[in-house]
Structure formats: structure tokens, C-alpha cells
1. Just give me the residues in the stretch 131-161 being under 15 Å from residue 117 (Cβ atoms), open to solvent by 50 Å² or more (accessible area, probe 1.4 Å) and not small (Gly, Ala, Ser), in sequence order.
2. When only residues in the stretch 231-262 that are open to solvent by less than 60 Å² (accessible area, probe 1.4 Å) and of a type in the set (A, V, I, L, M) count, which is farthest from residue 281 (Cα to Cα)?
3. Are there any pairs with C-beta distances below 7 angstrom linking a residue in the stretch 76-94 that is touching a residue at least 40 places away in the same chain (Cβ under 8 Å) and over 15 Å from residue 110 (Cα atoms) to a residue that is aliphatic (A, V, I, L, M) and surrounded by fewer than 22 Cβ atoms within 10 Å (Cβ to Cβ), with the two at least 6 apart or on different chains, and if so which?
4. Mind checking whether some residue in the stretch 230-249 is modelled with pLDDT of 95 or more, closer than 28 Å to residue 307 by Cβ and either within 18 Å of the chain's Cα centre (by Cα) or among the basic types (Lys, Arg) (or both)?
5. For the stretch 244-261, which residues satisfy the criterion of being hydroxyl-bearing (Ser, Thr, Tyr) and under 17 Å from residue 206 (Cα atoms)?
6. Can you say whether residue 269 is in a helix (DSSP H, G or I) and at pLDDT 95 or above, as far as the supplied structure shows?
7. Being within 21 Å of residue 32 (Cα to Cα) and polar (S, T, N, Q) is true for just one of 234, 238, 296. Which residue is that?
8. Is it the case that some residue within the stretch 311-321 is assigned to a loop (DSSP other than H, G, I, E, B) and buried (at least 18 other Cβ atoms within 10 Å of the Cβ)?
Amino acid sequence: MKLGVFTCLLNHLSLEEALQYFSSLGIQMIELGCGGTPGNAHCNPEVLLHDETAMNAFRDTIKKYNMEISALSCHGNPVHPQQEVADMYDRAIRNGILMAERLGIHQINTFSGCPGDQDGAKYPNWVTCPWPDDFSEMLKWQWEEKLIPYWRKLVPFAKDHGVDKIAFEMHPGFCVYNVETMLKIREAVGPELGANFDPSHLVWQGVDPVAAIRALGDSIFHFHAKDTRIDAINTAVNGVLDTKHYSDEIHRSWIFRSVGYGHDLLYWKDIISALRMAGYDYAISIEHEDSLMSQNEGLSKAVEFLKQCITFEDVSEMWWA
């Protein structure tokens, strides 16, 4: 495994400045935003795909700091009910695929997306319960008429350009948000769809990350190192469904934390061990979204914490057995 980071954390810095800082912390891999919600501050396909000089400079900068790219991320909602919004995210995903092809990378990270409740809807409609029956009917329509057809059309385009791993971050608000929905879309479309496994979005749903990892197995394509802390007092009163702004930390049922501030070292060691048992031997990519810590402190503490958890070396023979 290798220690990585999602570079949009430092979108306010140039790629050179960001890589210099990441390198000083001992980070080995970078996950680059190239459009959609992560932005494209460090990797803009609209420029790089059409400017060979800029592309060469981009490659040289990454090589200078001895970094590997774990994935290109272009998160968004390509099945958004407003067509212009859907088209914007679809373009970001396709540009990400074309950029990956130029860089010799076989993977992008994104969201599954979430449609509205009908043609002509204005906003996505995330279904979380089966009754009244309207919700069950809506969910069936979303998957059969919008979600599955979109990804069945997109996957051949990706494969034609050398991308055979499209990793969905299982995120509430989108149709793929847990193990069951991840496996459902994979079965419907193909093995090119897998998970960008982020424990932080599963923990507050009541999911045990280790159990989820074992259930997903080789469908895990990428991993985000981010934690969540459940507020026992607020949750005891209001449950885990929470629409208060992330900045209202003291009143929320849960908040995102840097690794080690949501769960302890043993918890994270169990996650890393489960990943290894599932055959995952790739990036452990830090996504820092802890509103109680600065960018520097949240990232640097996450790095030091994960260095105690990650198994960097290949498994040796069982010399004792």
C-alpha cells in the first residue's frame, strides 16, 4: 500500500507548491481533481488535452517530486434532472477519462449520480424509504430509466480510452451510497464499476467498514482515508439523519474528522488489515474535511497516524507455518 492524498485540499496553491508540501510529509501518491465538484486547479483537462507544452510541464512537475497518480477524480451528478447540469458533469467525467488515457492511468473516481423523480424535475430526489409506495416506484424509475442506462453507455467509452475502473464514492444523496447499491450497479452494468471506499460516509449510516470491505472484496478500486465522529448526545435525541450545516458542529449528530479523531488506532488497523485480506494493495488517499482542524494540522496528523496503520511492504512467506 502507499500513502496518498486528495490534492484538492490545497487547490489554493499551485501544483508545484502542493507537491512540495506533500512530499515533505512523506506522501507517495496523489489523487487529482480534474473537474466536477473537486475542481481542476491542479489538473485541467480543458487545457492539458490541447496544449502539449502544458502537458509536458504537468508531467515533469509530478515526476520532479517522485509522485504517482492514484486516480483522477471528477465527482458530480451526470444524471442530474436539469440537463445542463447533467451535461456539465458528463463532460467532466469524459474529460477525466481522456486525461487518464493520456497519462496512462486506468482509473477515475466519481459519484453514481441521482436523478429527479420524473422527467422535467428540477432537483435530484434521493429515496431513503420504501413507503408511501410513491418512493418505491420512483426508485425503480430512477435506476431503470436513468442510472443504469447512463453508465451502460459511459462504460464502453471509458474502455475505448483505456479506463477500466470507474470508482464510485458511496455517498448519501446519490443512488449508490452503500454496499448493496454498489453491488447492484456493478451487477447491472459490469465489473468496470467499483468502489472508492470512504469509511466516513458509511460510519454515520451505521455501517461497519470492516464488514463492508469484506462484502465488497475485489470491487474496491480506491480508498479514502477520512473519519467520522458520531455525537452520542445529539444522536440519542435526533438520530443520525442530519441536515444542519457542517459548520454547526456542536449541534450535529455527526461530523467529519481527520483519521484518528473519529476512531482509534486499532479501529483503523482493522480497516487496513481488512483491505489487505480483500486483496487491496493500492492508495490510502487522505481526504481532509475536518472543520475543527486547519488544513496543515489535519493533514499532518492524519499522515503520522496512518504511518502507524498502513502496511507498506509486500506480504512475506509464512516462515513459521
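1. Answer for the stretch 131-161, where residues must be under 15 Å from residue 117 (Cβ atoms), open to solvent by 50 Å² or more (accessible area, probe 1.4 Å) and not small (Gly, Ala, Ser): 132, 133, 134, 135, 137, 139, 140, 141, 144, 145, 146.
2. By that ranking, first place goes to 240.
3. Pairs found: 81/121.
4. No.
5. If the condition is that a residue be hydroxyl-bearing (Ser, Thr, Tyr) and under 17 Å from residue 206 (Cα atoms), then 253 is the only one that fits.
6. Taking the combined requirement at face value, the residue satisfies it.
7. When all the criteria are applied, what remains is 296.
8. No - not one qualifying residue is present in the stretch 311-321.
The values are calculated or read from the model by the stated rules, or taken from the named source; none is laboratory data. Computed from a prediction, not measured in an experiment: that's the story for all the values here. Heads up, the Cβs are rebuilt from the backbone with ideal geometry, glycines too, and the neighbour counts pull from every protein chain shown. Each accessible area value is taken on the protein alone, full model and side chains, heavy atoms only, with ligands, DNA and RNA left out. Shrake-Rupley method; radii C 1.70, N 1.55, O 1.52, S 1.80 Å.
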